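Novice: This is the structure I have questions about; it appears just below.
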Amino acid sequence: MTDTAAKPLLDLQAATVRFGARAALDTVDLSVAAHEIVCVLGPSGSGKSTLLRAVAGLQPLDSGRVLLEGRDQTGVPVHKRGVGLMFQDHQLFPQRDVGGNVAFGLRMHGAGRAEQTERVAELLELVGLPGAQRRAVATLSGGEQQRVALARALAPRPALLMLDEPLGQLDRSLRERLVVELRQLFERLGTTVLAVTHDQGEAFALADRVVVMRDGRIAQSGTPLEVWQRPASEFVARFLGFDNVVEATVTGEAADTVWGKIPVPAGAPQGGARLLVRPAGVRLVPVADGLPCTVLARTFRGHHVAVQLRPADGPLLEAECPLRDAPDVGAQVGAVFAADEVVLLEG
Amino acid sequence: MAVPLAFFGLFFAYPVIAIVGRGLKSGGTWQFGRIGEVLGDPDIGGVLWFTTWQAAASTALTLLLALPAAYVFARFDFPGKQLLRAVVTVPFVLPTVVVGSAFLAVLGRGGLLAELWGLRLDTSVWAILLAHVFFNYAVVVRTVGGLWSQLDPRQEEAARVLGAGRFAAWRKVTLPALAPAVAAAALMVFLFTFTSFGVVQILGGPSFSTLEVEIYRQTAQFLDLPTAAVLTLVQFAAVGTILAVHAWTVRRRESALRLVDPARTARRPRGAGQWALLGGVLVTVLVLILLPLAVLVERSFQGPDGYGFRYYRALQSADGGGGTFLVPPLEAVWNSLQYAVVATLIALVVGGLAAAALTRRAGRLVRGFDALLMLPLGVSAVTVGFGFLITLNQPPFDLRTSWILVPLAQALVGVPFVVRTMLPVLRAVDGRLREAAAVLGASPLRAWREVDLPMVRRALLVAAGFAFAVSLGEFGATVFIARPDNPTLPVAVARLLGRAGDLNYGQAMALSTILMVVCAVSLLVLERIRPDRSVSGEF
């Protein structure tokens, strides 16, 4: 690690924050490379907001270090760290207009009046609110506030931009549109981003890399595809919404479970394990040809139907099936499993 | 935090401790036996008893009359509400001396009631009680009404939908939310009336005496410092207890109540009952508050030969009062204004710093500090004034001949108001706004200037106004330390009232009127700049 170019932009080393007996951050190691978009995903209380506050210097570490561009930030006050943070509920300054909010960071960094005016206009243009300088913050809609907050955070060109539940308070359709816009914007600007969210859709759409947190620790880290396809643990699997988890004993290329024999990918470790079958890997066949199940419920999911099944024994099963093939509630069906949708979980 | 602590140590604790020490020490040893002796005295026992029961009665009467007004202000919208709110608040910032003379003009010898029905109440306890209600009406209306207006009416509506009757909904939902505020207001009224000085001094006559009046008498008339010292300690203990209970109720009040914008909770009164309630409150305000003030003004113009400016003219010459003053009484106006401006500045600096310190830190120590700041409201002003005289007269603090002594004493009373006004607003500033500023590169000081200051600017002005009005009216301490050739308005009024003769009486009324106008104007200016976030006035 002597080569400065190889140093990550942000490096957390065994960062720990305790609130009383509870560790909100428990020896977390995390690094973010320049121009990378990392999304921290986790349920509420998993320590994700504390992570951001620790990096910003708003929350002192009990132990461990935060390094920004290789420099230890211990003792560096918030306003000298050069990071941007977009707060969960935006925290726009109510007594200033939109322009005043966006210009705030520029003024703090001693930018001249002409530069401020120019940069504010540029940023408002960028976030899709051109000419909104004189508007009062109170008159903005939720989506507009979010854009102003983003412009304000970006204005001083922070080395690292952090977003705390950036789209949390917006309605669904707006969220889906904005997340795409954000990703395009960050890619264009080359911004390094560390975002936290509890919404997996948001995380997967936004991030180059997803970090799943649980109880102050990192449960898994990887590209969205990796995490989605190979959840590391039952916690991650369930957090991503996969509930087809069962106790299994692996022998060769098959596993014994209460659901019967399930094929596993080649090279799977032998012996006892927890096993996940993604709903896409559960196919419905006539009752005689597979594991006999009763259809409990059907949920319309847009391009497919999620079918909940009760097998004779063991936990409930969820299957994904095409719209036109969905069986009726109460019907008897058989279930078979596809090896490529089976994941062996750790722990 | 260091500046306010030093200020209180030097100008409050030191004088008070010194005077208590002087009273209780003789020949270098403490004479604690004195405490028992003094408390065993039946006369003192009578004073203690009277002080307590009149305070309790005043508090009960104030609550009875002011709670309906609190409701009316919180829930009804009517033309002139703003003005009425200001009118109701005027008495609170009026000097006790003015209140005393106003009630004298209504209830006293040759007063309005005497003229109409031959009724004189100035030597009865009713005069004191009514004057106390007059004085503290605003405390209840603002403290309770302020919170009430921010309680979401939908809470009650939810209870109604769930099957509670109108009264049951109020009792189960609103009352529990309101109770701590009512308790806090009641305790404050109790505190103010317990330590009442000017009102009792003027209206009580020789037959009624509160602790504070007794301390004054023992100190100034009988020069019995030991007795005064014991009484000061008793009052100190009582005030300490009241403040401790008050702090406890206020803390409970701060617990999770969901507050809403008061502008959305008020509506026009509906139905005969609600209009009658509004009418009743208006009549109460009219009779209890406006009438005494109006009579005061009327008396100041009414000479033996019809209305005129005779008394006001007399104020311009020193010998008009038969040798009461070394200077024309009107000069007292100028003195008072100068003192009050300086006192306000001191109170703002000290109180502002204290409030900022209280916002930033939490914990037991800070809470103690919070209570300490309230002490000057209750601890004998007479003791403080006299303490100033005997402690600040030698190096290194030889201030006895300095004009700064009066503003210092007045600022002491102003600081609690500054802290009480600033604290809720400062606490309401979302800490994350400060964090947002910090992340954007603002140093802590810069963040305070850019974020906190603009939001509290209005509260700061309101605090300044309160401090100004309170300084203007301060009497108990000033009466000791104001020099004869530099009297303040309240001191001049008291001196005039202490002399016999129509001319002196008329001049006192005229001077009181001037003082009232000055206070009322500063208050009306304040109402204009009321902060958006209702300063419910945690008195």
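Novice: Can you name every residue in region A:268-286 that is within 17 Å of A:Ala338 (Cα to Cα) and either in contact with a Pro (Cβ under 7 Å, 6 or more places away or on another chain) or open to solvent by 50 Å² or more (accessible area, probe 1.4 Å) (or both)?
Specialist: Here is the first cut: in region A:268-286, the ones within 17 Å of A:Ala338 (Cα to Cα) are A:268, A:274-286.
Those that are within 17 Å of A:Ala338 (Cα to Cα) and either in contact with a Pro (Cβ under 7 Å, 6 or more places away or on another chain) or open to solvent by 50 Å² or more (accessible area, probe 1.4 Å) (or both): A:Arg274, A:Leu276, A:Arg283, A:Leu284, A:Pro286.
Novice: Kindly provide the set of residues from region A:51-74 that are open to solvent by 20 Å² or more (accessible area, probe 1.4 Å) and either within 12 Å of chain B (Cβ to nearest Cβ) or under 21 Å from A:Pro166 (Cα atoms) (or both), ordered by number.
Specialist: A:Arg53, A:Gly57, A:Leu58, A:Gln59
Novice: For region B:206-229, which positions are open to solvent by 30 Å² or more (accessible area, probe 1.4 Å), among the small types (Gly, Ala, Ser) and in a loop (DSSP other than H, G, I, E, B)?
Specialist: Residue satisfying the conditions is B:Ser207 alone.
Novice: Looking only at region B:31-52, count how many residues are modelled with pLDDT under 75 and either basic (Lys, Arg) or in contact with a helix residue (DSSP H, G or I) (Cβ under 6 Å, 6 or more places away or on another chain) (or both).
Specialist: The total comes to 4.
Novice: Can B:Leu175 be described as touching a helix residue (DSSP H, G or I) at 6+ places or on another chain (Cβ under 6 Å), among the aliphatic types (A, V, I, L, M) and either at pLDDT 80 or above or assigned to a helix (DSSP H, G or I) (or both)? It would help to see each step written out before you state the result.
Specialist: Details: touching a helix residue (DSSP H, G or I) at 6+ places or on another chain (Cβ under 6 Å): no; among the aliphatic types (A, V, I, L, M): yes; either at pLDDT 80 or above or assigned to a helix (DSSP H, G or I) (or both): yes.
No: the conditions fail for B:Leu175.
Novice: Which condition from (1) assigned to a helix (DSSP H, G or I); (2) over 17 Å from B:Val451 (Cα atoms); (3) within 12 Å of another protein chain (Cβ to nearest Cβ); (4) of a type in the set (Lys, Arg) is the one that A:Arg152 breaks?
Specialist: Every condition holds for A:Arg152 apart from (2).
Novice: So A:Gly131 ticks every box in (1) touching a residue at least 60 places away in the same chain (Cβ under 8 Å); (2) more than 14 Å from chain B (Cβ to nearest Cβ) but one. Which box is left unticked?
Specialist: The failed condition is (1).
Novice: Would you mention how many residues in region B:82-98 are open to solvent by less than 10 Å² (accessible area, probe 1.4 Å) and either within 13 Å of B:Phe466 (Cβ to Cβ) or not in a helix (DSSP H, G or I) (or both)?
Specialist: Going residue by residue through region B:82-98, those that are open to solvent by less than 10 Å² (accessible area, probe 1.4 Å) are B:86, B:88-89, B:91, B:93-95, B:97-98.
With either within 13 Å of B:Phe466 (Cβ to Cβ) or not in a helix (DSSP H, G or I) (or both) added as a condition, the list becomes B:89, B:93-95.
Summing the residues that are open to solvent by less than 10 Å² (accessible area, probe 1.4 Å) and either within 13 Å of B:Phe466 (Cβ to Cβ) or not in a helix (DSSP H, G or I) (or both) in region B:82-98 gives 4.
Novice: Further question on the same structure: Of these, A:Gln229, A:Gln270, which one is assigned by TED's automatic domain parsing to the domain that holds A:His198 and not β-branched (Val, Ile, Thr)?
Specialist: Working: A:Gln270 fails: assigned by TED's automatic domain parsing to the domain that holds A:His198.
None of the others qualify; the one that does is A:Gln229.
Novice: A follow-up question, please. With the requirement that a residue be within 14 Å of chain B (Cβ to nearest Cβ), more than 23 Å from A:Gly100 (Cβ to Cβ) and open to solvent by less than 10 Å² (accessible area, probe 1.4 Å), what does region A:160-174 give you?
Specialist: A:Leu160
Novice: Pick from region A:292-338 the residues that are out of contact with any helix residue (DSSP H, G or I) (no Cβ under 8 Å at 6 or more places or on another chain) and small (Gly, Ala, Ser): which of them is surrounded by the most Cβ atoms within 10 Å (Cβ to Cβ)?
Specialist: The extreme case among them is A:Ala335.
Novice: Within region B:181-193, work out how many residues are within 16 Å of the chain's Cα centre (by Cα) and open to solvent by 10 Å² or more (accessible area, probe 1.4 Å).
Specialist: As a first pass, look at region B:181-193 and keep what is within 16 Å of the chain's Cα centre (by Cα): B:184-193.
Imposing the further condition that a residue be open to solvent by 10 Å² or more (accessible area, probe 1.4 Å) reduces the set to B:186-187, B:190, B:192.
Matching residues across region B:181-193 total 4.
Novice: Next question. B:Phe194 fails exactly one of the following numbered conditions: (1) in contact with a Ser or Thr (Cβ under 9 Å, 6 or more places away or on another chain); (2) more than 19 Å from B:Ala183 (Cβ to Cβ). What is the number of that condition?
Specialist: Result: B:Phe194 passes all but (2).
Novice: While we're looking at this one, here's another question. Looking at region A:185-206, is at least one residue touching a residue at least 12 places away in the same chain (Cβ under 8 Å), hydrophobic (A, V, I, L, M, F, W, C) and over 30 Å from A:Val17 (Cα atoms)?
Specialist: Yes.
Novice: Just one of (1) surrounded by 19 or more Cβ atoms within 10 Å (Cβ to Cβ); (2) at the interface with chain B (Cβ under 8 Å from one of its Cβ atoms); (3) of a type outside the set (Phe, Trp, Tyr) trips up A:Pro77, so point out which.
Specialist: (1)
Novice: Failed condition for B:Leu461, given (1) within 10 Å of chain A (Cβ to nearest Cβ); (2) surrounded by fewer than 21 Cβ atoms within 10 Å (Cβ to Cβ); (3) among the aliphatic types (A, V, I, L, M), with all others met?
Specialist: Result: B:Leu461 fails condition (1) only.
Novice: Let me ask something additional. Could you please find all residues in region A:293-307 being of a type in the set (Gly, Ala, Ser) and in a strand (DSSP E or B)? Explain how you work it out, then say what you get.
Specialist: Of the residues in region A:293-307, the ones of a type in the set (Gly, Ala, Ser) are A:297, A:302, A:306.
Once the filter is applied, which keeps residues that are of a type in the set (Gly, Ala, Ser) and in a strand (DSSP E or B), region A:293-307 yields A:Ala297, A:Ala306.
Novice: Of the conditions (1) outside any strand (DSSP E or B); (2) touching a residue at least 24 places away in the same chain (Cβ under 8 Å), A:Val333 clears all except one; give me its number.
Specialist: (1)
Novice: From the list A:Val98, A:Val102, A:Val32, which one is surrounded by 19 or more Cβ atoms within 10 Å (Cβ to Cβ), over 18 Å from A:Ala159 (Cβ atoms) and away from chain B (no Cβ under 14 Å)?
Specialist: Values: A:Val102 fails: away from chain B (no Cβ under 14 Å); A:Val32 fails: over 18 Å from A:Ala159 (Cβ atoms).
Sole residue among the options that is surrounded by 19 or more Cβ atoms within 10 Å (Cβ to Cβ), over 18 Å from A:Ala159 (Cβ atoms) and away from chain B (no Cβ under 14 Å): A:Val98.
Novice: Are any residues in region A:143-159 in contact with a strand residue (DSSP E or B) (Cβ under 9 Å, 6 or more places away or on another chain) and either open to solvent by 20 Å² or more (accessible area, probe 1.4 Å) or not assigned by TED's automatic domain parsing to the domain that holds A:Pro94 (or both), and if so, which ones?
Specialist: Taking region A:143-159 as the starting set, the residues that turn out to be in contact with a strand residue (DSSP E or B) (Cβ under 9 Å, 6 or more places away or on another chain) are A:145-146, A:148-150, A:152-159.
The answer is A:Gln145, A:Pro156, A:Arg157, A:Pro158, A:Ala159.
The values are calculated or read from the model by the stated rules, or taken from the named source; none is laboratory data. Note that the structure is a prediction, hence the values are computed from the model and not measured. Quick reminder, even Gly has a Cβ in these numbers, built from the backbone with ideal geometry, and neighbours come from all protein chains shown. The accessibility values were calculated without ligands, DNA or RNA, using every heavy atom of the protein model including side chains. Shrake-Rupley method; radii C 1.70, N 1.55, O 1.52, S 1.80 Å.
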